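Step one of this worksheet: look at the structure below.
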Amino acid sequence: MAVAYPKLYNVLSFYLATIIAISQFLISILPYLNPITLLITLADALLSLYLRSCGLCPCTVELDDQTTMNFWVANSRRSNKPALVMLHGYGGNSKWQFIHQVGSLSQSFSLYIPDLLFFGKSYTNRPERTEVFQSKCVAEALKTLGVERFAVYSISYGGYVAYWMAEMYPELVEKVVVVSCGVGMTEEQRREQINKVGSNALNLLVPESAHDLRLLVNLTMHKPGPSKWVPDIFLHGFINVTYKQHRKEKLELAEHLLRKKADIDLPILTQETLIIWGDKDDVFPVYLAYQLQRQLGPKSKVEIIKDTGHAVNMDSPISLNALITSFVLGYS
(Lines give C-alpha, C1' and ligand atoms only; values in the text may rest on other atoms or scores of the structure.)
Protein backbone atom coordinates (compact mmCIF):
# COMPACT_ATOMS: atom_id res chain seq x y z
CA MET A 1 0.00 0.00 0.00
CA ALA A 2 2.89 2.36 0.81
CA VAL A 3 4.18 2.01 -2.75
CA ALA A 4 0.96 3.49 -4.14
CA TYR A 5 1.36 6.84 -2.43
CA PRO A 6 4.38 8.07 -4.44
CA LYS A 7 2.63 7.04 -7.67
CA LEU A 8 -0.56 8.80 -6.63
CA TYR A 9 1.46 11.88 -5.67
CA ASN A 10 3.21 11.94 -9.06
CA VAL A 11 -0.09 11.61 -10.93
CA LEU A 12 -1.74 14.36 -8.89
CA SER A 13 1.33 16.60 -9.30
CA PHE A 14 1.26 16.15 -13.06
CA TYR A 15 -2.43 16.96 -13.36
CA LEU A 16 -2.06 19.95 -11.06
CA ALA A 17 0.87 21.21 -13.15
CA THR A 18 -1.26 20.72 -16.28
CA ILE A 19 -4.09 22.79 -14.84
CA ILE A 20 -1.67 25.53 -13.80
CA ALA A 21 -0.02 25.60 -17.25
CA ILE A 22 -3.38 25.78 -19.03
CA SER A 23 -4.51 28.56 -16.68
CA GLN A 24 -1.31 30.50 -17.35
CA PHE A 25 -1.84 30.02 -21.06
CA LEU A 26 -5.43 31.29 -20.92
CA ILE A 27 -4.30 34.37 -19.01
CA SER A 28 -1.38 35.00 -21.37
CA ILE A 29 -3.51 34.94 -24.55
CA LEU A 30 -5.93 37.63 -23.45
CA PRO A 31 -3.84 40.52 -24.88
CA TYR A 32 -3.60 38.79 -28.27
CA LEU A 33 -6.14 38.88 -31.06
CA ASN A 34 -4.15 37.31 -33.89
CA PRO A 35 -5.26 33.64 -34.18
CA ILE A 36 -1.83 32.55 -35.46
CA THR A 37 -0.15 34.21 -32.49
CA LEU A 38 -2.63 32.36 -30.26
CA LEU A 39 -1.65 29.08 -31.91
CA ILE A 40 2.08 29.70 -31.34
CA THR A 41 1.33 30.72 -27.74
CA LEU A 42 -0.56 27.44 -27.29
CA ALA A 43 2.46 25.56 -28.68
CA ASP A 44 4.65 27.40 -26.17
CA ALA A 45 2.33 26.31 -23.36
CA LEU A 46 2.45 22.71 -24.60
CA LEU A 47 6.25 22.90 -24.56
CA SER A 48 6.01 23.87 -20.89
CA LEU A 49 3.89 20.78 -20.26
CA TYR A 50 6.44 18.64 -22.08
CA LEU A 51 9.25 19.95 -19.87
CA ARG A 52 7.14 19.18 -16.80
CA SER A 53 6.63 15.63 -18.07
CA CYS A 54 10.45 15.35 -18.27
CA GLY A 55 10.70 16.06 -14.53
CA LEU A 56 11.39 19.81 -14.74
CA CYS A 57 9.57 22.71 -13.15
CA PRO A 58 9.83 26.47 -13.70
CA CYS A 59 11.26 28.72 -11.01
CA THR A 60 12.23 32.36 -10.72
CA VAL A 61 15.39 33.61 -9.00
CA GLU A 62 15.49 37.22 -7.83
CA LEU A 63 19.17 38.14 -7.87
CA ASP A 64 18.49 41.68 -6.62
CA ASP A 65 15.83 44.34 -7.00
CA GLN A 66 16.79 44.82 -10.66
CA THR A 67 17.57 41.37 -12.03
CA THR A 68 15.34 38.30 -12.34
CA MET A 69 16.25 34.98 -13.95
CA ASN A 70 13.83 32.30 -15.04
CA PHE A 71 14.91 28.63 -14.89
CA TRP A 72 13.59 25.20 -15.66
CA VAL A 73 15.06 22.94 -12.99
CA ALA A 74 14.95 19.29 -12.02
CA ASN A 75 12.04 18.49 -9.69
CA SER A 76 14.15 16.16 -7.59
CA ARG A 77 16.97 18.35 -6.27
CA ARG A 78 18.35 15.48 -4.15
CA SER A 79 18.79 13.13 -7.08
CA ASN A 80 22.06 11.26 -7.46
CA LYS A 81 22.23 12.40 -11.07
CA PRO A 82 25.01 14.91 -11.84
CA ALA A 83 23.90 18.49 -12.53
CA LEU A 84 24.00 19.75 -16.11
CA VAL A 85 23.41 23.42 -16.95
CA MET A 86 22.17 24.09 -20.51
CA LEU A 87 22.80 27.53 -22.03
CA HIS A 88 20.92 28.47 -25.19
CA GLY A 89 21.85 30.79 -28.04
CA TYR A 90 19.81 33.28 -30.05
CA GLY A 91 16.71 31.84 -31.68
CA GLY A 92 13.96 31.92 -29.07
CA ASN A 93 13.91 30.93 -25.43
CA SER A 94 15.38 27.79 -23.88
CA LYS A 95 12.19 25.73 -24.32
CA TRP A 96 12.18 26.05 -28.09
CA GLN A 97 15.92 25.52 -28.48
CA PHE A 98 16.26 22.43 -26.31
CA ILE A 99 13.03 20.66 -27.27
CA HIS A 100 14.98 17.76 -28.85
CA GLN A 101 17.38 17.37 -25.94
CA VAL A 102 15.54 17.68 -22.65
CA GLY A 103 13.87 14.27 -22.86
CA SER A 104 17.12 12.41 -23.50
CA LEU A 105 19.44 14.39 -21.22
CA SER A 106 17.01 14.41 -18.28
CA GLN A 107 17.42 10.63 -18.05
CA SER A 108 21.09 11.02 -17.11
CA PHE A 109 21.27 14.47 -15.51
CA SER A 110 19.56 16.85 -13.15
CA LEU A 111 18.96 19.67 -15.60
CA TYR A 112 19.16 23.40 -14.90
CA ILE A 113 18.06 25.45 -17.89
CA PRO A 114 18.03 29.24 -17.57
CA ASP A 115 16.58 31.74 -19.95
CA LEU A 116 19.47 34.13 -20.43
CA LEU A 117 18.74 37.79 -19.73
CA PHE A 118 16.12 39.29 -22.10
CA PHE A 119 15.06 35.85 -23.30
CA GLY A 120 11.92 34.24 -21.95
CA LYS A 121 11.08 35.76 -18.58
CA SER A 122 14.62 36.73 -17.55
CA TYR A 123 15.23 40.45 -17.29
CA THR A 124 17.39 43.15 -15.75
CA ASN A 125 17.13 46.92 -15.42
CA ARG A 126 20.91 47.16 -15.24
CA PRO A 127 22.75 48.60 -18.28
CA GLU A 128 25.26 45.74 -18.73
CA ARG A 129 24.94 43.82 -22.01
CA THR A 130 28.06 41.65 -21.90
CA GLU A 131 28.34 37.89 -21.85
CA VAL A 132 30.46 38.33 -18.69
CA PHE A 133 27.47 39.88 -16.93
CA GLN A 134 25.27 37.06 -18.22
CA SER A 135 27.79 34.58 -16.78
CA LYS A 136 27.75 36.21 -13.36
CA CYS A 137 23.96 36.21 -13.25
CA VAL A 138 23.70 32.52 -14.20
CA ALA A 139 26.36 31.50 -11.66
CA GLU A 140 24.84 33.52 -8.83
CA ALA A 141 21.38 32.16 -9.62
CA LEU A 142 22.71 28.59 -9.51
CA LYS A 143 24.29 29.30 -6.13
CA THR A 144 20.93 30.55 -4.90
CA LEU A 145 19.35 27.31 -6.12
CA GLY A 146 21.92 25.36 -4.11
CA VAL A 147 23.82 23.90 -7.08
CA GLU A 148 27.40 23.44 -5.87
CA ARG A 149 29.07 21.69 -8.83
CA PHE A 150 27.90 21.18 -12.39
CA ALA A 151 28.88 20.61 -15.98
CA VAL A 152 27.74 23.14 -18.56
CA TYR A 153 26.58 22.51 -22.11
CA SER A 154 26.28 25.59 -24.30
CA ILE A 155 25.50 26.41 -27.89
CA SER A 156 26.33 29.47 -30.01
CA TYR A 157 25.79 32.65 -27.91
CA GLY A 158 25.47 30.46 -24.83
CA GLY A 159 29.03 29.30 -25.48
CA TYR A 160 30.40 32.78 -24.77
CA VAL A 161 28.48 32.80 -21.48
CA ALA A 162 29.68 29.31 -20.54
CA TYR A 163 33.30 30.12 -21.36
CA TRP A 164 33.43 33.11 -19.04
CA MET A 165 31.47 31.33 -16.34
CA ALA A 166 34.00 28.48 -16.40
CA GLU A 167 36.84 31.01 -16.20
CA MET A 168 35.35 33.07 -13.36
CA TYR A 169 33.83 30.20 -11.33
CA PRO A 170 36.17 27.19 -11.60
CA GLU A 171 34.97 26.01 -8.19
CA LEU A 172 31.47 25.54 -9.66
CA VAL A 173 32.10 24.36 -13.23
CA GLU A 174 33.45 20.81 -13.58
CA LYS A 175 33.32 20.25 -17.34
CA VAL A 176 32.46 22.40 -20.36
CA VAL A 177 30.76 21.53 -23.64
CA VAL A 178 30.94 24.28 -26.28
CA VAL A 179 28.91 23.83 -29.47
CA SER A 180 29.12 26.05 -32.57
CA CYS A 181 30.51 29.11 -30.79
CA GLY A 182 32.81 31.80 -32.16
CA VAL A 183 34.68 32.43 -28.93
CA GLY A 184 38.30 33.18 -29.75
CA MET A 185 37.65 34.60 -33.21
CA THR A 186 40.02 37.28 -34.44
CA GLU A 187 38.80 40.68 -35.69
CA GLU A 188 39.56 39.66 -39.27
CA GLN A 189 37.68 36.37 -38.95
CA ARG A 190 34.65 38.09 -37.48
CA ARG A 191 34.55 40.73 -40.23
CA GLU A 192 34.86 37.99 -42.85
CA GLN A 193 31.89 36.07 -41.43
CA ILE A 194 29.72 39.17 -41.08
CA ASN A 195 30.46 40.04 -44.73
CA LYS A 196 29.57 36.49 -45.80
CA VAL A 197 26.14 36.78 -44.23
CA GLY A 198 25.43 39.46 -46.81
CA SER A 199 22.64 41.03 -44.79
CA ASN A 200 22.13 42.94 -41.60
CA ALA A 201 23.46 40.50 -38.99
CA LEU A 202 21.46 42.17 -36.23
CA ASN A 203 18.19 41.62 -38.10
CA LEU A 204 19.08 37.96 -38.54
CA LEU A 205 19.88 37.46 -34.86
CA VAL A 206 16.71 39.28 -33.79
CA PRO A 207 14.37 38.89 -36.79
CA GLU A 208 11.49 41.29 -37.22
CA SER A 209 10.02 39.86 -40.41
CA ALA A 210 9.23 36.43 -41.79
CA HIS A 211 11.90 37.03 -44.45
CA ASP A 212 14.59 37.57 -41.78
CA LEU A 213 13.51 34.51 -39.82
CA ARG A 214 13.54 32.35 -42.93
CA LEU A 215 17.06 33.58 -43.74
CA LEU A 216 18.13 32.74 -40.18
CA VAL A 217 16.74 29.19 -40.44
CA ASN A 218 18.40 28.62 -43.82
CA LEU A 219 21.71 29.98 -42.52
CA THR A 220 21.83 27.96 -39.31
CA MET A 221 20.23 24.65 -40.33
CA HIS A 222 21.69 22.26 -42.89
CA LYS A 223 18.52 20.14 -42.68
CA PRO A 224 15.68 22.67 -42.42
CA GLY A 225 13.12 19.95 -43.13
CA PRO A 226 9.45 20.99 -42.98
CA SER A 227 10.37 24.45 -41.63
CA LYS A 228 11.16 25.70 -45.15
CA TRP A 229 7.50 25.15 -46.10
CA VAL A 230 6.05 27.04 -43.13
CA PRO A 231 3.86 29.95 -44.35
CA ASP A 232 4.98 33.48 -43.50
CA ILE A 233 1.95 34.05 -41.30
CA PHE A 234 3.15 31.34 -38.88
CA LEU A 235 6.64 32.82 -38.86
CA HIS A 236 5.14 36.19 -37.93
CA GLY A 237 3.31 34.49 -35.06
CA PHE A 238 6.53 32.89 -33.84
CA ILE A 239 8.29 36.26 -33.95
CA ASN A 240 5.49 37.88 -31.93
CA VAL A 241 5.74 35.24 -29.21
CA THR A 242 9.51 34.73 -28.97
CA TYR A 243 11.29 37.81 -30.33
CA LYS A 244 9.06 40.83 -29.81
CA GLN A 245 9.48 41.07 -26.03
CA HIS A 246 12.71 42.86 -25.03
CA ARG A 247 13.66 43.27 -28.70
CA LYS A 248 15.65 46.44 -27.98
CA GLU A 249 17.72 44.71 -25.29
CA LYS A 250 18.31 41.62 -27.47
CA LEU A 251 19.65 43.92 -30.19
CA GLU A 252 21.95 45.58 -27.66
CA LEU A 253 23.33 42.16 -26.62
CA ALA A 254 23.97 41.24 -30.25
CA GLU A 255 25.48 44.62 -31.06
CA HIS A 256 27.95 44.27 -28.18
CA LEU A 257 28.93 40.80 -29.38
CA LEU A 258 29.44 41.90 -32.99
CA ARG A 259 31.29 45.13 -32.27
CA LYS A 260 33.43 44.40 -29.24
CA LYS A 261 37.15 43.93 -29.70
CA ALA A 262 38.45 40.40 -30.13
CA ASP A 263 39.71 38.67 -27.00
CA ILE A 264 43.44 38.67 -27.79
CA ASP A 265 44.34 37.27 -24.37
CA LEU A 266 41.51 34.74 -24.10
CA PRO A 267 42.03 32.84 -20.83
CA ILE A 268 42.79 29.12 -20.96
CA LEU A 269 40.16 27.11 -19.12
CA THR A 270 41.25 24.66 -16.44
CA GLN A 271 38.30 22.34 -17.04
CA GLU A 272 38.10 19.48 -19.49
CA THR A 273 36.33 20.90 -22.54
CA LEU A 274 34.50 19.19 -25.38
CA ILE A 275 34.16 21.24 -28.58
CA ILE A 276 31.37 20.09 -30.93
CA TRP A 277 30.78 21.43 -34.43
CA GLY A 278 28.73 20.68 -37.51
CA ASP A 279 30.82 20.19 -40.63
CA LYS A 280 28.36 22.34 -42.63
CA ASP A 281 28.30 25.31 -40.24
CA ASP A 282 27.82 28.49 -42.30
CA VAL A 283 27.90 30.80 -39.28
CA PHE A 284 31.17 29.74 -37.66
CA PRO A 285 33.37 27.67 -40.03
CA VAL A 286 34.63 24.38 -38.69
CA TYR A 287 38.24 25.57 -38.58
CA LEU A 288 37.25 27.68 -35.56
CA ALA A 289 36.69 24.47 -33.60
CA TYR A 290 40.31 23.44 -34.09
CA GLN A 291 41.50 26.98 -33.44
CA LEU A 292 39.74 26.93 -30.06
CA GLN A 293 41.19 23.50 -29.31
CA ARG A 294 44.71 24.77 -29.95
CA GLN A 295 44.00 27.68 -27.61
CA LEU A 296 42.75 25.41 -24.80
CA GLY A 297 45.41 22.72 -25.14
CA PRO A 298 45.43 19.04 -24.11
CA LYS A 299 42.40 19.24 -21.81
CA SER A 300 40.17 19.85 -24.83
CA LYS A 301 39.00 17.71 -27.73
CA VAL A 302 36.96 18.25 -30.89
CA GLU A 303 34.05 16.23 -32.26
CA ILE A 304 32.71 17.02 -35.74
CA ILE A 305 29.21 15.86 -36.67
CA LYS A 306 28.72 15.19 -40.37
CA ASP A 307 25.97 16.74 -42.51
CA THR A 308 25.15 19.19 -39.73
CA GLY A 309 24.92 22.97 -39.73
CA HIS A 310 25.28 25.61 -37.05
CA ALA A 311 22.13 24.52 -35.20
CA VAL A 312 23.51 21.15 -34.13
CA ASN A 313 20.72 20.87 -31.54
CA MET A 314 18.18 20.86 -34.38
CA ASP A 315 20.10 19.10 -37.18
CA SER A 316 21.62 16.23 -35.17
CA PRO A 317 20.20 16.14 -31.62
CA ILE A 318 20.67 12.38 -31.15
CA SER A 319 24.39 12.51 -31.94
CA LEU A 320 24.79 15.67 -29.87
CA ASN A 321 23.03 14.18 -26.85
CA ALA A 322 25.19 11.06 -27.03
CA LEU A 323 28.41 13.10 -27.16
CA ILE A 324 27.36 15.31 -24.23
CA THR A 325 26.33 12.33 -22.09
CA SER A 326 29.45 10.25 -22.73
CA PHE A 327 31.78 13.21 -22.14
CA VAL A 328 30.18 14.50 -18.94
CA LEU A 329 29.74 11.02 -17.43
CA GLY A 330 33.28 10.02 -18.40
CA TYR A 331 32.45 7.21 -20.81
CA SER A 332 35.06 6.35 -23.41
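Some observations on this one:
- In terms of packing, defined here as the mean over residues of other Cβ atoms within 10 angstrom, the peptides 257-266, 155-164, 213-222 line up highest first as 155-164, 213-222, 257-266.
- For the chain, with +1 on Lys and Arg beta carbons and -1 on Asp and Glu, the positive-most of 90, 125, 184 along the dipole: 90
- Taking amide H as placed 1.01 Å from N in the peptide plane, residue 88 has its amide H under 5 Å from the amide H of 116, each at least 5 places away in sequence or on another chain.
- Once percent of Cα pairs over 34 Å apart is calculated for the structure shown, the corresponding label among [x] 24; [y] 16; [z] 21 turns out to be [z].
- Local electrostatic count, residue 41, Cβ distance below 13 Å [Lys/Arg +1, Asp/Glu -1]: +1
- Taking 7 Å steps out from each Cα toward its Cβ at residue 295 and residue 171 produces label points 2.7 nm apart.
- Student exercise, the stretch 205-332 dipole from Lys, Arg, Asp, Glu Cβ charges, in Debye to nearest 20: 60
- Pairwise centroid distance, computed over Cα atoms, of the stretch 254-286 with the stretch 178-213, Å: 13
- Between the stretch 44-86 and the stretch 92-109, the C-alpha centres lie 11 angstrom from each other.
- For the stretch 117-192, the Cα-based Rg and Dmax, in that order, read 13.3, 43 Å.
- Ranking by accessible area, most exposed first, for 194, 275 with a 1.4 Å probe: 194, 275
- Other residues within the sphere of radius under 14 Å centred on the Cβ of residue 312, judged by their own Cβ, net out at -3 (K and R +1, D and E -1).
- Antiparallel bridges, percent of DSSP beta bridges restricted to the chain (to nearest 5): 35
- Here the chain is treated with +1 on each Lys and Arg Cβ and -1 on each Asp and Glu Cβ, and its dipole about the Cα centre works out to around 580 debye.
- Mean Cβ neighbour count within 10 Å, used as a protection proxy, ranking 108-120, 319-331 highest first: 108-120, 319-331
- Highest-first packing order for the peptide set 38-45, 123-130 is 38-45, 123-130, based on the mean count of other beta carbon atoms within 10 Å.
- Amide H contacts of residue 56 (H built 1.01 Å from N, under 5 Å, at least 5 apart or other chain): 75
- Solvent-accessible area of the stretch 35-329 (1.4 angstrom probe, protein heavy atoms only): carbon and sulfur portion equals 54 percent.
- Residue 300 long-range amide H proximity, modeled H, under 5 Å: 273
- Whether the stretch 146-301 is rounded, prolate or oblate, judged on the alpha carbon gyration tensor where a/c under 1.5 counts as rounded: prolate
- Prolate/oblate/rounded call for the stretch 202-253, Cα gyration tensor, a/c under 1.5 rounded: oblate
- Lysines with Cα under 23 Å of residue 81, excluding same-chain neighbours fewer than 8 positions away: 7, 95, 143, 175
The values are calculated or read from the model by the stated rules, or taken from the named source; none is laboratory data. Every value quoted in this text rests on a predicted model; they were computed, and no experiment measured them. Cβ sites come from the backbone with ideal geometry, for glycine too, and all protein chains shown count toward neighbours. Heads up: the accessible areas ignore ligands, DNA and RNA and are worked out on the full protein's heavy atoms, side chains in. Shrake-Rupley method; radii C 1.70, N 1.55, O 1.52, S 1.80 Å.
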